[in-house]
Amino acid sequence: MAINEAQLTTWSSLGSVQQSAATNQTIRNVLNSTNSPYYVRSFDNFLQGSYGNDTNVWRDSDVDIVMRLSSVYYSDTSNLNAIEQANYDRMRNPAEYSFDQFKREVAAWLTANYGTGVDASGKAIFIPGSGNRRDADVLACAQHRHYFTYPSVGEPTYREGIVFWKADGTKIVNYPKQHSENCTTKHQSTNSWFKPTVRVFKNIRNRMIENGYLQEGIAPSYFLEGMVWNVPANLFGGSYEQTIINCFNHVYEMQDKSQLTCANGFHYLLRHGHSVCWSPDNHDTFMEAFTQFWNDF
């Protein structure tokens, strides 16, 4: 049996918006306060994650905010030749302020405003919800530049992203703005089918976990978005049942999935041992569990 269109349409619906919007605005007002210890620094903040990309479902609770230090940036110069590297080294001015200082100050300011429930021990700073304010994660990070050229005359070229370090010292470089822009472009190219389709996959994933078909953490929302983003635009539309079948079969039947990328277009979607990639074993587990759940429903 297949899941009927009425149920899939329900699962395509957008999750809580008003509470998330109010939470986002409240926390960003605090982050942007002129009284904060880091206010003299150059920084910006923006949404990422399910709410930021309009793919949130009713089970989603967190609001994810990126807090990016831009007065200091970290670089990857591995693509530069020897002359360009020398140009970079000559022009580079070491900064006295650092990511570690920035994260400490952001965490201290959030704790001063939201109390001791604020937890900065993970990769993001967790702010527990209270009243109508939802839980939120604030990712303190710095600007990252992956340089492609660094001429002696003229402007260098680089890809801009974010960088942060986990508690164990692992360096993470990611591209949330490109992810969001690419998801919006995909949504437009599919006549507005992409984001509701992602929500259907996420709701099915949640129901699979509730019913014991899948363990929590096997199929994170970020990677489900990336998987669906790789599906050609012409396979979306008509009905949710046909779209879900098309999307699933397109990925399931691929002979070589090694070149699939995350929705940012830069990181590979499936790789072993990479924190920004989906484990191929977990992907396979999800696909087989999805098949069983769909047939049993």
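Here residue 200 qualifies as of a type in the set (Val, Ile, Thr), assigned to a helix (DSSP H, G or I), at pLDDT 95 or above and open to solvent by less than 50 Å² (accessible area, probe 1.4 Å).
Scanning segment 96-125 for residues that are open to solvent by 60 Å² or more (accessible area, probe 1.4 Å) and more than 16 Å from residue 36 (Cβ to Cβ) turns up 96, 100, 116, 119, 121, 123. The residues of segment 239-280 that are in contact with an Asp or Glu (Cβ under 7 Å, 6 or more places away or on another chain), part of a loop (DSSP other than H, G, I, E, B) and either acidic (Asp, Glu) or surrounded by 15 or more Cβ atoms within 10 Å (Cβ to Cβ) (or both) amount to a single one, 263. For segment 54-70, the set of residues classified as open to solvent by 60 Å² or more (accessible area, probe 1.4 Å) and hydroxyl-bearing (Ser, Thr, Tyr) is empty.
Checking 9, 34 one by one, the residue that is without any contact (Cβ under 8 Å) to a residue 12 or more places away in the chain and β-branched (Val, Ile, Thr) is 34 and no other. Entry remark, segment 76-95: residues being open to solvent by 40 Å² or more (accessible area, probe 1.4 Å) and either modelled with pLDDT of 95 or more or assigned to a helix (DSSP H, G or I) (or both) number 11 in total.
As a summary of the residue check, residue 216 satisfies the conditions (1) among the charged types (D, E, K, R); (2) open to solvent by less than 20 Å² (accessible area, probe 1.4 Å); (3) assigned to a loop (DSSP other than H, G, I, E, B) except for the one numbered (2). Going by what's in this entry, would residue 207 be described as open to solvent by 40 Å² or more (accessible area, probe 1.4 Å) and either farther than 27 Å from residue 281 by Cα or at pLDDT 95 or above (or both)? Yes: the conditions hold for residue 207.
The values are calculated or read from the model by the stated rules, or taken from the named source; none is laboratory data. Remember, predicted model here, so these are calculated numbers, not experimental data. Ideal geometry is used to build each Cβ from the backbone, glycine not excepted, and the neighbour counts take in all protein chains shown. These area figures cover heavy atoms from the full protein model, side chains too; ligands, DNA and RNA do not enter into them. Shrake-Rupley method; radii C 1.70, N 1.55, O 1.52, S 1.80 Å.
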